[in-house]
Amino acid sequence: MVIYNGRVDPYHPDKSRYECRACGSRVDSGGVCEKCGSKSLVNIAVPRE
């Protein structure tokens, strides 16, 4: 096994962005999808490692 101790990408999003798992539309705030009414929004603006 090889352990890679490289530098971590310093990217951190300044705003949250959510994607609906039901219809695929993207919105800026969590809660309920504006397009289909589903509550299955996932935050896609996450820091990279």
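Quick note: the coordinates plus some simple rules give every number you see, no bench work behind them. Computed from a prediction, not measured in an experiment: that's the story for all the values here. Cβ placement follows ideal geometry from the backbone for every residue including glycine, while neighbour counts extend to all protein chains displayed.
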**Complete:** The ³J(HN,Hα) series, computed from each phi in region 19-28 with the Karplus coefficients 6.51, -1.76 and 1.60 at θ = phi - 60°, rounded to the nearest Hz and given as x for glycine or proline, is 10, 7, 6, 7, 10, x, 6, 10, 9, 8
**Asked** When Lys and Arg each count +1 and Asp and Glu each count -1, what net charge do the other residues less than 9 Å away from residue 42, Cβ to Cβ, add up to?
**Response** 0
**Request:** Collect residues whose amide H, placed 1.01 Å from N in the peptide plane, falls under 5 Å from the amide H of residue 45; neighbours closer than 5 in sequence don't count.
**Result:** 17
**Asked** How much net charge surrounds residue 28 when only other residues with a Cβ under 14 Å from its Cβ are counted (Lys, Arg +1; Asp, Glu -1)?
**Response** +1
